[in-house]
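Following: one structure in structure tokens, then a few remarks.
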Amino acid sequence: MSVRGRFAPSPTGFLHIGGLRTALYNYLFAKHHGGACILRIEDTDQTRFVEGAEENIVDICRWAGMEFDESPEKGGPFGPYRQSERTELYRNYANELLQKGMAYRAFDTSEELDAMRERQKNAGIAAKYDRTVMRSEYTLGPDETTRLLDSGADYCIRLKVPVSGDIRFNDIVRGEVIVNARDVDDQILLKSDGFPTYHLANVVDDHLMQISHVIRGEEWLPSTPKHVLLYQAFNWEMPRFAHLPLLLNPDKSKMSKRFGDVFAKSFREKGFFPDALVNFVALLGWNPTADREIFTMTELIEYFSLEKVNKAGAVFDTKKLEWMNAQYLRASDAQTLLPSLQRILCDHSIEISDERAKNILILLRERITFLNEIPSFGAYMFSESYEIDEEYKAKHWNEEASSIIHALLPILKQAESFEHVQLNETIGGYSKEHGIASKFIIHPLRMILTGKQVGAGLYETMEVLGKDTCINRIERFLKEQGNPS
RNA sequence: GGUCCCAUCGACUAAUGGUUAGGUCACCACCCUUUCAAGGUGGCAGUACGGGUUCGAAUCCCGUUGGGAUCACCA
């Protein structure tokens, strides 16, 4: 039987980084087995619908390098892939359960339900729907039920959970899980607005869409027994379950906005590369060998296995993510990065040639984490109005430095080549000839040319800056300093 | 609170009964050096606790403790 996985998010907001990892694991697993990964939108809660959420999910997954085999926009043999377009289906299946006596109608109002929970809380017992005392069709009887139905009263359909017996299933990452039916609530399957709840819709769709593996977050583990009961009630073959460990805040609670931005798009906006994010997130809860850190999507697919997924939750360490991004920044082909860099420069109203952008990129990328740091980190590359670090200047600009630079200027002007190797010879030669330690030359020069004490090698920097620019900057600086009065 | 899940350095993890418990991030030191990085070398640091089983336990079993998830006409 072929592997069919699914990512089934609810369009209630921007895609969470945890959601991205769930999508990724589904994708990696399906692709590893040469199977299909489908996207299904679980929009059965009309009250929580958020405009644009579905687009964001699709957009982010594509950005991350995942292309679904079947989806709302792409279609497929088991569509539609939006649950709100399948409501008729769920109603029919709910009715089937009603006929089989595996489900029943309940007429309680939310106030009555609240009161029930209040009573149970006061009595110190677990909150659970009590079909023998609430206004279910069992307490109401057939006549009253029919009368209520005819009068158009609101009702929902609940799952009739057995009063005793074990419910068990085998989870690929957790092993066998056993729950007693007495601890399982009579879950609502069909809401009074005619829409299904997650539980019904997800079981019906996973069956109809022939999903072989349900890979989802650990937060679904407690409701899985309900799903098992549903498969049994329909007499359907169960998919295999795999509940993924949670992504955690630094304090080990479920990763949330409390500790910063957790939307996948925020990481994109900050400037993380999709490959780096995917690489990092893949290694949160799974690791093929632990003797290496950098993997391409193709390699992740090749090595992925659910058996090696960890059980314990994983703290999301932004520092390590940043390190990884820097690794990608350094290892990536400069030519490939060029379009992104040009876009960033364009956003800063900087217009330079590809050739020059590439040189700057190669020069600076060793000391930054994000591509988008280049405009500010390398401000002196793009404008003559870069600022000079006063502290750095105070430290390295004095009479001696002044005379050195004055003496060096004509030499630089005469220099035939401004390639860094040549500059090394020219300036290094001057240094040797006059017995001046090169740092007494390099610091003042760096200060004048870049304004800051952090940056790439000076000769390389000068080469990229170009002879004219360097000479002009030195002359201008000397002029400004020379006549204080 | 009920139910369920989990437990190796600060963090991510490797070691599926036999290792001086390994790697990566972070941190510290040193080297390199032209500043800052990067890179290199080294260091700090862990099997939550208590019982079993076994010749031998991070690994299997039980308990304790701790953490987490979940208990909606949300997903």
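Only the coordinates and a few stated rules stand behind these numbers; no lab work does. Only a predicted model underlies this, so the values are computations on that prediction, with no experimental measurement involved. Reconstructed Cβ throughout: ideal geometry from the backbone, glycine too, with neighbour counts over all protein chains shown.
For A:Arg6, the residues whose amide H sits under 5 Å from its own are A:Ile38, A:Ile215, ignoring neighbours fewer than 5 places away on the same chain, with H placed 1.01 Å from N. Maximal additional length on extending the A:Asp333-A:Ile352 stretch stands at 4.9 nm, based on 0.36 nm per residue less the C-alpha distance. Once the Cβ-Cβ distance of A:Ala181 and A:Asp251 is raised to the sixth power relative to R0 = 41 Å, the FRET efficiency obtained is 0.70. Of all DSSP bridge pairs formed entirely within chain A, close to 55 percent run antiparallel. Of all lysines in the structure, the ones whose alpha carbon falls short of 30 Å from that of A:Lys358, not counting any fewer than 8 places away in one chain, are A:Lys265, A:Lys270, A:Lys319, A:Lys320, A:Lys393, A:Lys413, A:Lys439, A:Lys452, A:Lys467. Note on A:Phe377, A:Phe304: ascending count of other Cβ atoms within 10 Å places them as A:Phe377, A:Phe304, the fewest first. Distance between the 7 Å Cα→Cβ label points at A:Ala126 and A:Thr146: 3.7 nm. First measure r as the distance between the Cβ atoms of A:Asn472 and A:Asn287, then evaluate 1/(1 + (r/R0)^6) with R0 = 60 Å and state the FRET efficiency to the nearest 0.05. Result of the calculation: an efficiency of 0.65. Taking only the C-alpha atoms of the range A:1-101, the Rg (one decimal) and the largest Cα-Cα distance, Dmax (whole number), read 14.8, 47 Å. Near A:Gly466: Cβ cut-off under 13 Å, other residues only, Lys/Arg at +1 and Asp/Glu at -1. The net charge is -3. Within the same chain, lysines fewer than 8 places from A:Lys100 are excluded, and of the rest, those with a Cα less than 30 Å from its Cα are A:Lys128, A:Lys160, A:Lys191, A:Lys226.
Positive-end ranking of A:Thr369, A:Val50, A:Asn122 along the dipole of chain A, with charges on Cβ about the Cα centre, is headed by A:Asn122. Run down the lysines and flag those whose C-alpha is under 17 Å from the C-alpha of A:Lys308, throwing out any fewer than 8 positions away in its chain. Here the lysines satisfying the reach criterion relative to A:Lys308 are A:Lys31.
Dipole magnitude for the range A:219-349: about 460 debye, using +1 per Lys or Arg Cβ and -1 per Asp or Glu Cβ, origin at the Cα centre.
For chain A, the longest principal axis of the Cα atoms and the long axis of helix A:354-364 meet at an angle of about 90 degrees. Please work out whether the range A:301-359 counts as rounded, prolate or oblate from its C-alpha gyration tensor, where a ≥ b ≥ c are the square roots of the eigenvalues and a/c under 1.5 means rounded, while otherwise a/b larger than b/c means prolate and anything else oblate? Judged from the Cα gyration tensor, the range A:301-359 comes out prolate (a/c at least 1.5, a/b above b/c).
Here the scattering of the range A:88-190 is modelled by Debye summation over its C-alpha atoms, one equal scatterer each and no solvent; at q = 0.11, 0.18, 0.24, 0.25 Å⁻¹ the log10 of I(q)/I(0) is -0.42, -0.98, -1.33, -1.37. Distance between the pseudo-spin-label points of A:Glu390 and A:His406 (7 Å out from Cα toward the beta carbon): 2.6 nm.
Here the convex hull built on the C-alpha positions of chain A has a volume of 212 cubic angstrom per residue.
The ranking of A:Thr298, A:Thr289 from fewest to most other beta carbons within 10 Å of each one's beta carbon is A:Thr289, A:Thr298.
Compute the signed sum of charges (Lys and Arg +1, Asp and Glu -1) over the other residues within less than 9 Å, Cβ to Cβ, of A:Ile60.
+2
I'd like the FRET efficiency for A:Glu366 and A:Glu425, computed as 1/(1 + (r/R0)^6) with the beta carbon distance as r and R0 of 25 Å, rounded to 0.05. The formula returns an efficiency of 0.60 here. Using every pair of distinct Cα positions in the range A:390-485, the Kirkwood expression returns a hydrodynamic radius of 13.4 angstrom. Only helical runs count toward this figure. For chain A, summing -39,500 (n - 2.57) over DSSP H runs of n ≥ 4 and dividing by all residues gives -14500 deg cm²/dmol at 222 nm.
Computed from Cα atoms, the angle from the helix A:87-100 axis to the main principal axis of chain A rounds to 40 degrees.
Charges were assigned to the Cβ only: +1 to each Lys and Arg, -1 to each Asp and Glu. The resulting dipole of the range A:88-190 about its Cα centre is roughly 260 debye. The residues packed around A:Ile178, meaning those with a beta-carbon under 12 Å from its beta-carbon, carry a net charge of -2 if Lys and Arg are +1 and Asp and Glu are -1.
Using Cα atoms only, what is the angle between the long axis of helix A:198-208 and the major principal axis of chain A, expressed in degrees (0 to 90) to the nearest 10? Taking the Cα atoms of chain A, the angle to A:198-208 is about 90 degrees. Here the label points at A:Glu302 and A:Ala153, each 7 Å from Cα along the C-beta direction, are separated by 6.5 nm in the simple model. Each residue of the range A:297-304 was assigned a 3J(HN,Hα) from its phi angle through the Karplus curve 6.51 cos²θ - 1.76 cosθ + 1.60 (θ = phi - 60°); the sequence is 4, 4, 5, 4, 4, 4, 8, 4 Hz, with glycine and proline shown as x.
Note that the range A:456-472 has calculated 3J(HN,Hα) couplings of 6, x, 5, 5, 5, 5, 5, 4, 5, 5, x, 4, 4, 4, 4, 4, 4 Hz, one per residue in order, obtained from phi through the Karplus relation 6.51 cos²θ - 1.76 cosθ + 1.60 (θ = phi - 60°); glycine and proline are x.
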